[in-house]
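For reference, the structure discussed in these notes is given below.
The values are calculated or read from the model by the stated rules, or taken from the named source; none is laboratory data. As the structure is a computational prediction, the values presented were derived from the model and not from experiment. Cβ sites come from the backbone with ideal geometry, for glycine too, and all protein chains shown count toward neighbours. Areas reflect the complete protein model, heavy atoms only, side chains present, ligands, DNA and RNA absent. Shrake-Rupley method; radii C 1.70, N 1.55, O 1.52, S 1.80 Å.
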Amino acid sequence: LAAAEARSAAAEWDAATHWWERVVAINPVAGHFWAYLAEARYHTNDYRGAAAAYAQAFALRDGYPAETAYQLACCYAQLDELAPAREWLERGANNQ
């Protein structure tokens with residue numbers, strides 16, 4: 001956990017991704033760990049991986065659901081998948 005946090009703080013996203021993947025493997029029920037993994041993946045342009053991690057954070061109701069839905073929409077927009085991007089924006093607006 002300390003290594004993951006340090007790599008994220010230093011914006012060393014490849015290393016952060018590695019460490020956050022280890023953290024969520026050990027503790028898969030902490031939504032904020034999934035959100036950190038998603039952020040690291042997003043910064044490495046792994047938008048599909050980021051979307052999967054944000055979806056897990058959303059399912060675990062980490063943070064503000066509307067914000068997580070927005071992050072998911074951003075991932076899908078980066079993938080040029082506009083239908084799911086729009087769906088996530090609508091879910092965020094409706095707090096679903």
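Here is a check on your reading of the model: is Ala15 in contact with a His (Cβ under 8 Å, 6 or more places away or on another chain), closer than 21 Å to Leu1 by Cβ, of a type in the set (A, V, I, L, M, F, W, C) and in a helix (DSSP H, G or I)? Talk me through it step by step, then tell me what you get.
Numbers: in contact with a His (Cβ under 8 Å, 6 or more places away or on another chain): no; closer than 21 Å to Leu1 by Cβ: yes; of a type in the set (A, V, I, L, M, F, W, C): yes; in a helix (DSSP H, G or I): yes.
No.
Cβ-Cβ under 9 Å, sequence separation 6+ or interchain: first residue in the stretch 60-73 and more than 20 Å from Arg41 (Cβ to Cβ) and aliphatic (A, V, I, L, M), partner part of a helix (DSSP H, G or I) and open to solvent by 50 Å² or more (accessible area, probe 1.4 Å). Which pairs? Final answer for the pair search is Ala66/Arg91; Ala66/Ala93. Taking first residues from the stretch 74-85 that are within 14 Å of Asp46 (Cα to Cα) and partners that are assigned to a loop (DSSP other than H, G, I, E, B), the Cβ contacts under 9 Å between residues at least 6 apart in sequence or on separate chains come to Cys75/Glu81; Gln78/Asn45. Residue pairs whose Cβ atoms lie under 6 Å apart, separated by 6 or more positions or on different chains, with the first residue in the stretch 32-55 and modelled with pLDDT of 95 or more and among the charged types (D, E, K, R) and the second surrounded by fewer than 21 Cβ atoms within 10 Å (Cβ to Cβ) and assigned to a helix (DSSP H, G or I), are Arg41/Gly49. So in the stretch 63-86, with the set limited to residues that are out of contact with any Phe, Trp or Tyr (no Cβ under 8 Å at 6 or more places or on another chain) and either part of a loop (DSSP other than H, G, I, E, B) or not aliphatic (A, V, I, L, M) (or both), which one is most open to solvent (accessible area, probe 1.4 Å)? Top of the filtered list is Tyr64.
Counting just the residues of the stretch 32-50 that are hydroxyl-bearing (Ser, Thr, Tyr) and under 8 Å from the mean Cα position of the chain (by Cα), which one comes out nearest to Cys74 (Cα to Cα)? Explain how you work it out, then say what you get.
Let us first name the residues in the stretch 32-50 that are hydroxyl-bearing (Ser, Thr, Tyr), namely 36, 42, 44, 47.
Narrowing the set further to residues that are under 8 Å from the mean Cα position of the chain (by Cα) leaves 36, 42.
Values: Tyr36: 16, Tyr42: 9 Å.
Only one residue tops the list, namely Tyr42.
Go through Leu89, Leu60 for me and flag whichever is touching a Gly at 6+ places or on another chain (Cβ under 7 Å), open to solvent by 50 Å² or more (accessible area, probe 1.4 Å) and either modelled with pLDDT under 95 or closer than 23 Å to Phe33 by Cα (or both). Walk me through it before giving the result.
Values: Leu89 fails: touching a Gly at 6+ places or on another chain (Cβ under 7 Å).
Only one candidate qualifies: Leu60.
With respect to the conditions (1) outside any helix (DSSP H, G or I); (2) open to solvent by less than 70 Å² (accessible area, probe 1.4 Å), Asn95 falls short on a single one, namely (2). Scanning the stretch 1-46 for residues that are surrounded by fewer than 20 Cβ atoms within 10 Å (Cβ to Cβ) and among the polar types (S, T, N, Q) gives Asn27, Thr44, Asn45.
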